[in-house]
Each structure stands twice: as structure tokens, then as C-alpha cells.
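This report refers to the structure that appears directly beneath it.
The values are calculated or read from the model by the stated rules, or taken from the named source; none is laboratory data. Since we're looking at a predicted model, the values are computed, not measured. Positions of Cβ are generated from backbone atoms using ideal geometry, with glycine treated the same way; all protein chains shown enter the neighbour counts.
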Amino acid sequence: MSVSLFHRLLIAPIPYLPKSVVWQLSRRYIAGTDLESAYHTVSQLNMARCSATVDVLGEDSTQIEEVEVARDLYLSALEGIAANSLDCNISIKLSDMGLRFDPEICFGTMHTIIAKASERNVFVRIDMEDSSATDITLDLYRRLRVRHENVGTVIQSCMRRSAADVGQLLQTGPTHIRLCKGIYLEPESIAFTRADDIRQSV
């Protein structure tokens, strides 16, 4: 069984759990159960002189209707960020925008969101997902970066390839990278597993 398949099987039951249970397990990490709650949390962070990122949780859409719902939620988030004058950007998983079943739909959807974000002076960060999506995520980011200045991507320091990925991105011109440790379970052949190695990578 591949690691990415194991990860999907692990999270598959979550949509079927009672929302109250999911919320109790996740409330430490999630700003709220709706956009209004997220705006309130971001506002409190802004008052504490912190910037913030809004991520509408979701991934692995399998049909265009799911992509459209996800797109519209992000467009609503952009309206709310602007209306509330929040110091905030947005972060998006490309699989939520159709990456796995139609990369061109994903590209068009992201173009729409990023263009709308630019009108509101909001930065868009493309989240990195498991290793099966790394190449196509970076390729799509490069295409979007040609058209938009307000977009960046994420590199996971746990991946052995990350230093090379950063170097290649920098060779193509100005780029915006957020470095994170990475949370996906990956085989040791492609990912560091020791905490010290992950911290020292990239």
C-alpha cells in the first residue's frame, strides 16, 4: 500500500464523524466552522500585531461541482477579508481545485481566484500536498507566477528533493516560498524522518 493511499484511508472517515466530535478534536488548530468565525479570529490576531492566513479546509475534489463550491468559498473569503480590512492572505490546496482529475480546470480556477485576490491586495499561497502532487503543483505554480505577482508556494523541508526544488524556483526569477516541515507520511527513500534532519534541510 502506498503512503499517499494510507494517508487518504486515514482521513476518509472524518466526513462521516459527527461535526461536534471533529470540532472538539480540531478546535485548537482551526479558526472556526465558518468564514465569519475566521474573520473574528483574524481580527483578534491583527490586534495582537500578527498577520494571518485563511485556509478553507478541503482537498481531493473529484468533480467540477466540488471545485466550483471550493472556488466560491475562497471568493467569498476574499470579499470578507476586504470588507473587514484584515491583514490576511489565503492559502489553497490545488487538489481542492481539481488538480488530480483535471489540471487545466485547476489552473483556470486558480487564475480566477488569484486575479480577484490581486484586486483586493491579497496574497495567495499554494499549499504543498503529498509527494504524488509535488511536480504538478510546482509546474502549475510556475505557470501562475508568470501571470501573477501575488502568488507563492510552499516547500516541505522533510522532502529530500526540496533544496533542489528551491534552487530551480529561484533560477526562474523572483519567487515567494514558505518553508514548512511537512505533515504527510512519506517513504524514507524520498523524505527525511529524523527531526534534526528535517530542521536542517533546505
Item to check | Arg100 being assigned to a helix (DSSP H, G or I) and either surrounded by 16 or more Cβ atoms within 10 Å (Cβ to Cβ) or in contact (Cβ under 8 Å) with a residue 12 or more places away in the chain (or both) | outcome: no
Checklist entry - What number of residues within the range 177-193 are in contact (Cβ under 8 Å) with a residue 40 or more places away in the chain and surrounded by 12 or more Cβ atoms within 10 Å (Cβ to Cβ)? => result 8
Checklist entry - Any residue at all in the range 158-165 that is free of Cβ contacts under 8 Å to residues at least 12 places away in the same chain and over 14 Å from the mean Cα position of the chain (by Cα)? => result yes
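Condition check ((1) out of contact with any strand residue (DSSP E or B) (no Cβ under 9 Å at 6 or more places or on another chain); (2) modelled with pLDDT under 90) across all residues:
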| residue | (1), (2) |
| --- | --- |
| Thr153 | no, no |
| Arg160 | no, no |
| Gly167 | yes, no |
| Tyr184 | no, yes |
| Ser189 | yes, no |
| Phe192 | no, yes |
| Asp196 | yes, yes |
| Arg199 | yes, yes |
| Val202 | no, yes |
Checklist entry - Considering the range 177-202 alone, what residues qualify as being more than 20 Å from the chain's Cα centre (by Cα) and acidic (Asp, Glu)? => result Glu188, Asp196, Asp197
Next on the checklist: Give me the residue from the range 109-153 that is small (Gly, Ala, Ser) and in a helix (DSSP H, G or I) and, out of that set, surrounded by the most Cβ atoms within 10 Å (Cβ to Cβ).
Outcome noted: Ala117
Checklist entry - Of the residues that make up the range 115-125, is at least one at pLDDT 95 or above and touching a Ser or Thr at 6+ places or on another chain (Cβ under 7 Å)? => result yes
Checklist outcome for this item: Residue hits (the range 69-81; crowded, with 16+ Cβ neighbours inside 10 Å and not hydrophobic (A, V, I, L, M, F, W, C)) are Arg71, Tyr74, Gly80
Next on the checklist: Residues that are at pLDDT 90 or above, within 18 Å of the chain's Cα centre (by Cα) and under 27 Å from Ala133 (Cα atoms): does the range 12-32 have at least one?
Outcome noted: no
Checklist entry - Take the residues of the range 154-176 that are assigned to a loop (DSSP other than H, G, I, E, B) and of a type in the set (S, T, N, Q): which is nearest to Asp130 (Cα to Cα)? => result Ser157
Checklist entry - Taking the stated definitions as given, is Asn84 over 19 Å from Arg145 (Cβ atoms), of a type in the set (S, T, N, Q) and either in contact with a Phe, Trp or Tyr (Cβ under 6 Å, 6 or more places away or on another chain) or loosely packed, with under 15 Cβ neighbours inside 10 Å (or both)? => result yes
